[in-house]
Every structure is written in structure tokens, then in C-alpha cells.
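Worksheet for the structure shown next.
The values are calculated or read from the model by the stated rules, or taken from the named source; none is laboratory data. Quick caveat: nothing in here was measured; it's all calculated off a predicted structure. Here the Cβ positions follow ideal geometry from the backbone for every residue, glycine too, while neighbour counts run over all protein chains shown.
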């Protein structure tokens, strides 16, 4: 097999979760060229990945031939939506990721859980490839996520122990409340650690609000500078995040993570992969999950999935994680 194309358009966390597949394919087929098709906003995730030959940026209404200018012995479609199917129509040798959409629908709408025995997303990707018959012996190695870049100087005092705090998430129903994060930062400070806020452009407001409420925290929210944020994670003893792309960035940096899940649940497969972690979620609600990706409001108007998770409990999990280091 000479050339393979992998397709996963976005976003940050989703593309990071493909990196075990990329690395394991290259280990198994070292002479094979691997290309990747993604959206522009996810390019940084893979642009320095040594296991890839080329990155191609997806553009609307463009043919696969025009985008890649290459012929492929196998296309691995990890996106598997209308756009990727239309783009690859006519190709004979193709693997499509099985998304378990019906099972996700049943869990969200009827709370019928047929996903509990399924592994994490990278493993599901690998199973789709091996079961296709094109690479029947394919399996993942035992390593975690990859993010390759030249580390940035963070300015954090190496004599102090820092805890990264990533309070943002794309969807409201996945964001632990700002006031809880503020209380958690105070508990961290009282324990002798220094909280460091990180996030993207959409997280600047919440990071600024937390810093205003607790001026002793360090605010390193760097806009959409992925490598600056990843560098902060690498300089921290542990991280506290929501179910977000930055949770996966922390994992790629091998930083232990306490991940707080709200409207989504572990069964969807997006929990921290091959990294020391603790997932905190409210299992006492019949309304969870209300979505497999998140919502911009709480359908029940109480937001108990996250509001009921107390800072003291998150701090206790964080303390256990740090003590194991």
C-alpha cells in the first residue's frame, strides 16, 4: 500500500484523537505515505506531525482530486458525514468510521444505554479500519495523543507548582460554572499551588472574570495560540478542564487531568485517552445526557449536571491526582 488518505475535518479535540491512528499506521506500514484532509482551523494540530507526508485543507464544493492531487490506495474516512461521503464518492477502497448514531440517539432521547461496552474513540477508529479487511491486523500502540511543536516560553516560575485551569468549552452545557471555578482556584491557592488560566478567544471573558474575582491566579489565556496553551499545560503539575478540546491538549502534553463532564457522558468515547485522569460527572440525574455534543442551554432549566458538582469535590480529585505524581 503506497498512499493512504485520512479524513477528519475538525475540530481541535476530534483531530487530536486521530493521532494514535496516524502513528500506529506509520509504525505498521513505514513505507506508506499518509496524507490528512482537515479544515483550516485544525491545521496546527497536525502541521508538524512527522508521521504525515502532506496536509490538505478542505474547501467547500471542491473535488478530492483538486484538493489532494494524489491517488490513494485507501481512504480512511473518520468524519463520515454528508460532506466526506460526497467528497469520496466513486472511490472503491474506503473505510468509513462507524459512528453508532442510532445508539447515541437512543441514549440521548430514550436513555437506553447500548454504548456502555464500547471503547474510546481512538480505539473505535482502529476497529473500523481492522474490520474493513483492508488492514485486518491493524491495532493501536499503547501510547497516547500526539501534538508536535516547538515549546514556547511560558514565563511560569519553575520553582512553583502550577495547576492549569481550562474553564471554557464550545457549548454552554459542557461548561462548569464560572463561580465554581473561582472557588476551586481559591482552594488550590490555599493548598500552596498556583492556578493558571488557559483558553482560546471564546474563553477570554470567563478567564478575565475569574481573574477579577481572584486576582492571585495567573491568566495565560492566549487567544487561539494552540502551542502557547499546550506549553502552559506542559509546565503544570496537573489540569482541570471541562469536556473540551483543551482536555485533549492536556492529555497530548501528558499532563494529568481532572475532567468535569456535564451534559455529555463517558459512553460517547471522548474521555481522556491514555493519560492519567479522573472524570467527574453527576450520575444522579435522569436527564443526562441531553446531547452527544452539547447545547447552548439546559433543557430542564436547572443545569444540575454541572451546578451540583462542588469545588470541594473537584479539589479532592485534583489532590489525589497530584499526590500520585
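Picking from 62, 19, 68, which residue would you name as being under 23 Å from residue 248 (Cα atoms) and either touching a strand residue (DSSP E or B) at 6+ places or on another chain (Cβ under 8 Å) or in the same structural domain as residue 119 (by TED's automatic domain parsing) (or both)? Show your work before the answer.
On the way: 62 fails: under 23 Å from residue 248 (Cα atoms); 68 fails: under 23 Å from residue 248 (Cα atoms).
So the residue among 62, 19, 68 that is under 23 Å from residue 248 (Cα atoms) and either touching a strand residue (DSSP E or B) at 6+ places or on another chain (Cβ under 8 Å) or in the same structural domain as residue 119 (by TED's automatic domain parsing) (or both) is 19.
Counting only residues that are assigned to a strand (DSSP E or B) and free of Cβ contacts under 8 Å to residues at least 40 places away in the same chain, how many does segment 162-212 have? If you could, list the steps in order and put the result at the bottom.
Looking only at segment 162-212, we keep the residues that are assigned to a strand (DSSP E or B), and these are 162-166, 194-197.
Filter once more, so that each one left must be free of Cβ contacts under 8 Å to residues at least 40 places away in the same chain: 194-195, 197.
Residues flagged as assigned to a strand (DSSP E or B) and free of Cβ contacts under 8 Å to residues at least 40 places away in the same chain within segment 162-212 amount to 3.
So, in segment 42-55, how many residues would count as being without any contact (Cβ under 8 Å) to a residue 60 or more places away in the chain, within 22 Å of residue 27 (Cα to Cα) and not in a loop (DSSP other than H, G, I, E, B)?
Within segment 42-55, residues that are without any contact (Cβ under 8 Å) to a residue 60 or more places away in the chain, within 22 Å of residue 27 (Cα to Cα) and not in a loop (DSSP other than H, G, I, E, B) number 3.
List the number of the failed condition for residue 79; all other conditions in (1) part of a loop (DSSP other than H, G, I, E, B); (2) within 13 Å of residue 9 (Cβ to Cβ); (3) free of Cβ contacts under 8 Å to residues at least 40 places away in the same chain hold.
The one condition residue 79 does not meet is (3).
Conditions (1) out of contact with any helix residue (DSSP H, G or I) (no Cβ under 7 Å at 6 or more places or on another chain); (2) crowded, with 18+ Cβ neighbours inside 10 Å; (3) not in a helix (DSSP H, G or I), marked per residue:
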residue	(1), (2), (3)
75	no, yes, yes
92	yes, no, yes
105	yes, no, no
116	no, no, yes
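Going by the conditions given, is residue 215 outside any strand (DSSP E or B), within 22 Å of residue 157 (Cα to Cα) and modelled with pLDDT of 95 or more? I'd like the intermediate steps shown before the answer.
Numbers: outside any strand (DSSP E or B): yes; within 22 Å of residue 157 (Cα to Cα): yes; modelled with pLDDT of 95 or more: yes.
Spelling it out, residue 215 is indeed outside any strand (DSSP E or B), within 22 Å of residue 157 (Cα to Cα) and modelled with pLDDT of 95 or more.
Please give the number of the condition residue 52 fails out of (1) farther than 20 Å from residue 141 by Cβ; (2) surrounded by 14 or more Cβ atoms within 10 Å (Cβ to Cβ).
Going through (1) farther than 20 Å from residue 141 by Cβ; (2) surrounded by 14 or more Cβ atoms within 10 Å (Cβ to Cβ) one by one, residue 52 breaks only (1).
Considering only segment 285-303, I want to know if a residue exists there that is under 23 Å from residue 199 (Cα atoms), in contact with a strand residue (DSSP E or B) (Cβ under 9 Å, 6 or more places away or on another chain) and modelled with pLDDT of 95 or more.
No - not one qualifying residue is present in segment 285-303.
Restricting to segment 294-312, name every residue that is touching a residue at least 12 places away in the same chain (Cβ under 8 Å) and either assigned to a loop (DSSP other than H, G, I, E, B) or surrounded by fewer than 13 Cβ atoms within 10 Å (Cβ to Cβ) (or both). If you could, list the steps in order and put the result at the bottom.
Within segment 294-312, the first condition is being touching a residue at least 12 places away in the same chain (Cβ under 8 Å), and the residues that meet it are 294-300, 303-312.
Hits for segment 294-312 are 294, 295, 296, 297, 298, 299, 300, 303, 308, 309, 310, 312.
Take residue 239 and tell me if it is assigned to a helix (DSSP H, G or I), touching a helix residue (DSSP H, G or I) at 6+ places or on another chain (Cβ under 7 Å) and not assigned by TED's automatic domain parsing to the domain that holds residue 11.
no
Any residue at all in segment 121-142 that is part of a strand (DSSP E or B) and at pLDDT 95 or above?
no
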